[in-house]
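Structure first, then comments.
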Amino acid sequence: MKCPRGAVLVGGMLALAGCRAEVAPMQAKEIDYEPFETSFVEPDCPVEPCAVVEVSALHFPGSPVLSDHLRTRLLLMGQGITDGETEWSSDSWEAFADAFFAQAREARQYATHSASRVGLEAQALARHDELLIIELDGYVYHAGQAHGMPLTEFMVIDERLGQVVSLDDMLLDGQAPAFQQTLVRAHERWLREQELDDEFAAGWPLYPSRNVAPLESAWVVRYNVYEIAPYALGQPELSIPFVELEGIAKPRYLGRE
């Protein structure tokens, strides 16, 4: 509601206070986070190098829910592609390391010249408009493979709500198809920038992604290796400027509120 210039003093200061309350934005408290590091080395490995799990993550001292959410997502990334036979745990770093080392011992039977390794990392990518965007990175290598698998996911925390929000939370109702069209245009721009032709696009088609980071002037969508491009091209990043998201994304996530 817009406050009239010459507000009639009926209700006195209560009426004016009501006007000010609508104009003043709600102040959110910044969510504190701390670095957290740990590592595990395969126990009793017969030959070096031994398998390792290295973690450089974040901990939210005032929010166990956010800490658990971050840990669970990192540990799920650390599983990579599993055979379904090894029992993995996302409840603790230690339990995950035990499951990974069990798989590493099996891999060593066929590859003795290298060691399995998992690297898990979380870092603050951006903070603006009471949004905290965390980048989650994983690297999984099993002995004998030609190369490891890098993975990236974004964790978006709305500090006004004190919780993680998803792509659906950031879009206006019914605008998911329109968002995908903006993604198609961003992909076309990326193809031109990389000087890739129609034959490449046909062999590596675009598909919908929910891995979105709302940055200060654009939304960024990150794909992992082999998703829309070969390993040599790394993790493609598509950028969607705010102007293309008007009427599609909630103003809150375009820095408008």
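Structural remarks
- Residue in the stretch 43-61 that is surrounded by the fewest Cβ atoms within 10 Å (Cβ to Cβ), counting only those that are of a type in the set (Gly, Ala, Ser) and modelled with pLDDT of 95 or more: Ser56
- Residues that are modelled with pLDDT of 80 or more and farther than 23 Å from Val65 by Cβ, drawn from the stretch 80-106: Ala97, Asp98, Ala99, Phe100, Phe101, Ala102, Gln103, Ala104, Arg105, Glu106
- Ala126 being in contact (Cβ under 8 Å) with a residue 12 or more places away in the chain, surrounded by 16 or more Cβ atoms within 10 Å (Cβ to Cβ), assigned by TED's automatic domain parsing to the domain that holds Ser114 and in a loop (DSSP other than H, G, I, E, B): no
The values are calculated or read from the model by the stated rules, or taken from the named source; none is laboratory data. Just so it is clear, the model here is predicted, and its values are computed rather than measured. Because the Cβ atoms are built from the backbone with ideal geometry, glycine has one as well, and the counts that use them run over all protein chains shown.
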